[in-house]
1. Looking only at segment 7-42, how many residues end up being assigned to a loop (DSSP other than H, G, I, E, B) and open to solvent by less than 70 Å² (accessible area, probe 1.4 Å)?
2. Taking the criterion of being at pLDDT 95 or above, assigned to a loop (DSSP other than H, G, I, E, B), open to solvent by 20 Å² or more (accessible area, probe 1.4 Å) and in contact with a strand residue (DSSP E or B) (Cβ under 6 Å, 6 or more places away or on another chain), would at least one residue in segment 232-250 satisfy it?
3. Which of the residues that make up segment 181-212 are within 15 Å of the ligand (Cβ to nearest atom) and polar (S, T, N, Q)?
4. Are any residues in segment 72-115 part of a loop (DSSP other than H, G, I, E, B), open to solvent by less than 10 Å² (accessible area, probe 1.4 Å) and small (Gly, Ala, Ser), and if so, which ones?
5. Looking at segment 148-177, I want the residues that are in the same structural domain as residue 67 (by TED's automatic domain parsing) and within 16 Å of the ligand (Cβ to nearest atom) and have a partner that is in a strand (DSSP E or B) and open to solvent by 20 Å² or more (accessible area, probe 1.4 Å) with Cβ atoms under 9 Å, at least 6 apart or on another chain. Which pairs are those?
6. Taking only segment 134-153 into account, find how many residues are surrounded by 24 or more Cβ atoms within 10 Å (Cβ to Cβ) and in a helix (DSSP H, G or I).
7. Take the residues in segment 155-179 that are under 19 Å from the mean Cα position of the chain (by Cα) and surrounded by fewer than 24 Cβ atoms within 10 Å (Cβ to Cβ); name whichever of them is nearest to residue 210 (Cα to Cα).
8. Taking segment 304-338, which residues are open to solvent by less than 70 Å² (accessible area, probe 1.4 Å), of a type in the set (Lys, Arg) and more than 21 Å from the chain's Cα centre (by Cα)?
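The values are calculated or read from the model by the stated rules, or taken from the named source; none is laboratory data. Not measured: the values here are computed from a predicted model. As a convention, Cβ positions derive from the backbone with ideal geometry for all residues, glycine included, and neighbour counts pool all protein chains shown. Just so you know, the surface numbers come from the protein's heavy atoms only, side chains and all, with ligands and any DNA or RNA stripped out. Shrake-Rupley method; radii C 1.70, N 1.55, O 1.52, S 1.80 Å.
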Amino acid sequence: MQDKLNLMIPGPTPVPENVLSCMSKHPIGHRSGDFQKIVQRTTEQLKWLHQTTSDVLTITGSGTAAMEAGIVNTLSKGDRVICGDNGKFGERWIKVAKAYGLDVQVVKAVWGEPLDPNQFKRILEEDTNKTIKAVILTHSETSTGVINDLKAINNEVKNHEKAITIADCVTSLGACNIPMDEWGIDVIASGSQKGYMIPPGLSFVAMSKKAWEANEQSNLPKFYLDLKQYLKAANNNSNPYTPAINLYFALEASLTMMQKEGLNNIFNRHTRHQKATQEGIKAMGLNLFTNESFGSPAITAVKPENVDAENIRKTIKSDFDILLAGGQDHLKGKIFRIGHLGFVNDRDIISVISALESTLSKMGKLNTPIGQGIAKTIAVLNKE
Ligand SMILES: *Cc1c(COP(=O)(O)O)cnc(C)c1O
């Protein structure tokens with residue numbers, strides 16, 4: 001059915017009506033006073049979302065632009081860095097770091113498992129000459145639905161004292177608590193089409209004081225992503241180049257919505273939806289791909305036995321207009337992923353679990369009495 005698609009992928013995520021309608025007007029001049037007001041307001045709102053007094057800069061570009069900006073603005077050619085890798089986005093960090101000639105040491109975990117903070121601890125403690133310049137990792141690994149222990153790993157970086165932490169928080173920011181200042185994280189990258197509830201096109205880099213100190217030494221080539229230019233412009237409530245002006249309208253509206261809801265309510269909503277999803281999946285006899293204790297609040301990966309995951313995904317799309325994400329690389333056909341990030345309510349969770357149960361039943365692959373999954377989901381939603 002036309003216009004009935006429900007996006008339950010981990011980005012782009014659904015956009016609220018009022019955010020959409022904010023965008024359907026002519027762009028205004030990006031050097032106008034009216035636009036300056038929007039930059040001023042959204043900059044303050046972004047600091048609120050990151051729980052920081054540090055600078056949060058807005059780039060027109062996808063999340064990867066923010067990741068790349070984090071690297072090129074703090075590091076120099078040949079710098080030794082540690083990259084965490086337990087999925088597709090960990091791999092992306094390694095590719096970016098190598099593209100800029102960094103000396104990359106990888107800390108790996110198998111896909112579906114979290115990174116081990118003790119491995120970072122050991123490497124950082126052994127580095128008595130302080131040659132490690134940065135620890136680079138993904139907080140919520142979207143490809144597997146695993147949340148890495150950013151706080152614990154960052155604590156090890158703080159003990160090292162010299163290195164900085166550069167974190168991809170693209171699917172964790174706005175889904176769970178990331179108090180940037182309290183934890184002392186140096187660089188946080190995020191993107192508009194995830195927890196922000198707006199379309200793709202903007203990305204954000206938060207930079208601590210220590211990250212700016214590293215910036216003074218950094219010699220990697222940069223022009224469009226040179227954050228000094230963004231900071232200089234931001235101090236005048238402006239942007240160095242022509243930004244995606246209409247996305248700024250959306251950003252202001254969505255951050256205002258988020259402020260109305262409140263950070264804790266937003267985090268609790270994500271946790272509750274995560275739990276209701278996990279419990280429903282298990283109750284209908286399906287396996288979660290990752291242990292619940294380190295499941296991402298933004299995304300739940302499911303590993304069905306004896307059924308092609310792509311078949312399930314395609315049927316849910318054609319019969320219910322719900323779009324789920326598939327598995328990537330070696331997990332293609334093995335898992336599917338349910339996004340519950342951003343503009344998601346109980347109805348979305350109830351419909352996806354019901355659709356899944358109905359689909360399995362139609363395929364003759366439901367091994368539990370029909371209704372058992374959704375009953376559990378509803379019980380969780382009603383209790384919490
Ligand atoms: C979506 C996503 C990104 C950003 O990808 P873009 O396509 O460049 O916006 C980065 N990291 C993670 C973990 C993501 O989920």
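1. The total comes to 13.
2. Yes.
3. 190, 192, 193, 203
4. 87, 112
5. Between residues of segment 148-177 that are in the same structural domain as residue 67 (by TED's automatic domain parsing) and within 16 Å of the ligand (Cβ to nearest atom) and residues that are in a strand (DSSP E or B) and open to solvent by 20 Å² or more (accessible area, probe 1.4 Å), the close pairs are 172/147; 176/147.
6. Going through segment 134-153 one residue at a time, the tally reaches 2.
7. The qualifying residue nearest to residue 210 (Cα to Cα) is 179.
8. The answer is 313, and nothing else.
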